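Below: the structure, in structure tokens.
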Amino acid sequence: IEHMGSGAMVSGGNARFDLVYYSGARSKSVPEAILCGGLPWRILDIVISQAEIDDLLVAAETRELEEAEKKAAEDAAYALEKIRLRDCPEYKHLTTTDNHNAAVSTLVAKNIRAELKKTFPGVKFSVKKHSYDSVGITWTDGPTTAEVETVTDKYEDGKFNSMEDIYEYNRSAFTDIFGGVKYVNTRREYSDEFVTKGIEKTREKFGIEHVPAFCNVEKYRSGELHNVGREFFTFGLNREIGLLMSEMKA
């Protein structure tokens, strides 16, 4: 069988065939109609020997056995990881899925709230369920977004693939135990005092000629600084101040 361009589906024929490929894979009980036109194949007049077929079958069986052994090992490791997480002192303050009867997103919000409180004591976080598969987190100043996401990212069931416009799920022992949702969104807000520090830090880094004295909190928040310093900052001064603040801790 040789792969070729896409073909049209045909009807007719009740026979079924077992196929073995040079890649080591095989398909069992393929309907004749699919074999003759449903998939991008064409049937050649070439006939190979029984010995070659036997070798291909042995290779396919070996590959299937290796894949089965690999899956069994992965499943065993996954089960052990779930046991470890349940007994892990680091997560003793969290609620497990089997001890929570409400929506999973409610559990995720509860556990994230508990983790953030433990990890960043004294910082006030707002953790809210936005829908059955989304949780939002906001806070002012405090830790950086990257620091918060080291805690919150593990509660996501996967990531959205914008290139293919699909959501790709990623199996996780952690979300099996402590809950997971499709989206965990974070938004760090800044106080006026923090923005003032951000402007001062940006001026220290780039100089008064690039961060003029008229730059202040009001102009930053209104977006007036977007067009300031375009000859030096590719995306304007507003963006540069924001980037610097995103790396600053309160």
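The values are calculated or read from the model by the stated rules, or taken from the named source; none is laboratory data. Since the structure is predicted, the reported quantities are computational estimates derived from the model, not experimental observations. Every residue, glycine as well, gets a Cβ built from its backbone with ideal geometry; the counts of neighbours run over all protein chains shown. All accessible areas refer to the heavy atoms of the entire protein, side chains included, with ligands and DNA or RNA removed. Shrake-Rupley method; radii C 1.70, N 1.55, O 1.52, S 1.80 Å.
Neighbours of THR196, meaning other residues whose beta-carbon lies under 14 angstrom from its beta-carbon, give a summed charge of -1 when Lys and Arg score +1 and Asp and Glu score -1.
Hey, got the dipole for the chain? About the Cα centre, +1 on K and R Cβ, -1 on D and E Cβ, debye to the nearest 20? Write out the running numbers ahead of the final one.
Working: 33 positive and 41 negative charges, 286 e Å.
That gives a dipole near 1380 debye.
List the aspartates and glutamates whose Cα sits under 17 Å from the Cα of LYS110, skipping any in the same chain fewer than 8 residues away. Result set, ordered by chain and number: GLU90, ASP98, ASP133, GLU149, ASP153, GLU156, ASP157, ASP176.
Summed over all non-identical Cα pairs, the Kirkwood treatment of the chain gives a radius of 24.0 Å. Using only the Cα atoms of region 91-185, build the gyration tensor, take square roots of its eigenvalues as a ≥ b ≥ c, and label the shape rounded, prolate or oblate: rounded if a/c is under 1.5, else prolate if a/b is larger than b/c, else oblate. Note, shape of region 91-185 comes out oblate.
LEU80 label point, 7 Å along Cα→Cβ, cut-off 18 Å on backbone N: hits in region 153-195? Only 172-174 fall inside the zone, counting backbone N under 18 Å.
Taking every DSSP beta bridge that has both ends in region 138-215, the antiparallel portion is near 50%. Considering only GLY223, GLY198, GLY136, the Gaussian network model of the chain with Cα springs below 10 Å gives its largest mean-square fluctuation to GLY223.
Sort the following peptides by mean Cβ neighbour count (other Cβ atoms within 10 Å, averaged over residues), highest first: 227-237, 69-79. Intermediate values should be presented prior to the final figure.
Values: 227-237: 15.2, 69-79: 10.5.
Those peptides, ordered most packed to least, come out 227-237, 69-79.
Measuring nothing but how far apart in sequence close Cα pairs (under 8 Å, 6+ apart) lie, relative to its length, region 26-128 scores a relative contact order of 12 percent.
Suppose we keep just the DSSP beta bridges with both residues in the chain; what percent of those would be antiparallel, to 5? Spell out each step's value before the answer.
Values: 16 of 24 bridges.
Antiparallel bridges: around 65 percent, rounded to the nearest 5.
Centre-to-centre separation between the Cα atoms of region 69-118 and those of region 156-188: 15 Å.
Summing +1 for each Lys or Arg and -1 for each Asp or Glu, what net charge is found among the other residues whose Cβ lies under 14 Å from the Cβ of ASP54? That sum, taken over residues with Cβ under 14 Å, equals -3. In this simple spin-label model, placing a label point 7 Å from the Cα along the Cα-to-Cβ direction at both VAL47 and HIS226 gives a separation of 7.5 nm.
Just the accessible area per residue of region 97-169, please: how many Å² with a 1.4 Å probe? Don't skip to the answer; put the middle values down first.
Details: 4220 Å² over 73 residues.
It amounts to 58 Å² per residue over region 97-169.
First select every other residue whose beta carbon is under 12 angstrom from the beta carbon of GLY24; then total the charges, Lys and Arg +1, Asp and Glu -1.
Details: positive: ARG26, ARG63; negative: ASP55, GLU61, GLU64, GLU66, GLU67.
Combined, the nearby Lys, Arg, Asp and Glu give -3.
Pairs over the 31 Å Cα-Cα cut-off, from the set LYS129/LYS205; LYS154/LYS205; LYS159/LYS249; LYS82/LYS128; LYS118/LYS197; LYS182/LYS219: LYS129/LYS205; LYS154/LYS205; LYS182/LYS219.
Selection among VAL211, VAL58, THR186 by position relative to the dipole of the chain gives VAL211 as farthest towards the positive end (Cβ unit charges, Cα centre).
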